[in-house]
Every structure is written in structure tokens, then in C-alpha cells.
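Taking it in order: structure first as C-alpha cells, then the write-up.
Each value in this text was obtained by applying a stated rule to the coordinates, not by laboratory testing. This is a predicted model, so every value here is computed, not measured. When we count neighbours, we look across all protein chains shown, and the Cβ atoms used for this are built from the backbone with ideal geometry, even at glycine.
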Amino acid sequence: MRSGGVLGKVSVLQMLRKRCLRNCCRPKWVITANSVVMRRQEAAVESARQRLARRLRAERAKREISQEELADRAGVHRTFVGSVERAERNISIDNVEKLARALQLDIAELLSTR
């Protein structure tokens, strides 16, 4: 291997570009032919789980209550609230309702895009 990360006449950037364009890997970022970095379309759209996580954390912070206090009000475990806020859980509609009631919100407000 030569210095500067160049293998023969192909740079590491060119290798990455070829790999990504051939679809042999699933990168979060794709390098286009003109070397402009673009996000994959799937990553740019926020899922309902991510939206719920973001809105739950924002509403809890707005009310200045801890995850533990929200968990007590909703009747769920404190670690459950943290994992929902990190979008690690695919929770049931019943648990969404419990969390919404604990924050005195409608479920629709937790899932809204605003």
C-alpha cells in the first residue's frame, strides 16, 4: 500500500464511491458522482417512533419532570420511559395512551409533526 491512502491509481474515496453506488453496502451517507454527500431518503424521513420519542422528551422537559416521575404517573417502569425517549422501543398504543395521560395530552399531540 502506498502512502496517502492510495491503492494503485484508485483512492480510498473512489473505492467508497464505487462500493456505495454498486449497492454492496448500506451506508447512511452516499457519495454521488460529483463527491457531494447526500443523506439517503429513508434516513431523512422521521418515523412515528422517532417522532413519539422526540415529542415525549420535549413535553416532559417543558413540564420539568424527570423520567422517573413520568413513569410513576403513567404506571410504567422508569427505564421504559428512557428507552421510549431514545426510540429503542416499539410500544403499544396502550402505553402511548398512558404516557399521554400522564402528561395531560391527547395521543395525537404526541404523534404530531410540529
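Determine, for LEU103, LEU56, the number of other Cβ atoms within 10 Å of each Cβ, and report the residues in order from fewest to most.
Fewest to most other Cβ atoms nearby, the residues stand as LEU103, LEU56.
Sum up the charges of everything whose Cβ sits under 13 Å from the Cβ of SER92, counting Lys and Arg as +1 and Asp and Glu as -1, but leave SER92 out.
Value of the local net charge: +1.
Starting from the Cα gyration tensor of segment 48-111, take the square roots of the eigenvalues, sort them a ≥ b ≥ c, and report rounded, prolate or oblate (rounded when a/c is under 1.5, otherwise prolate if a/b is larger than b/c, else oblate).
rounded
Count the net charge of all other residues whose Cβ sits under 12 Å from the Cβ of ALA53, scoring Lys and Arg as +1 and Asp and Glu as -1.
+4
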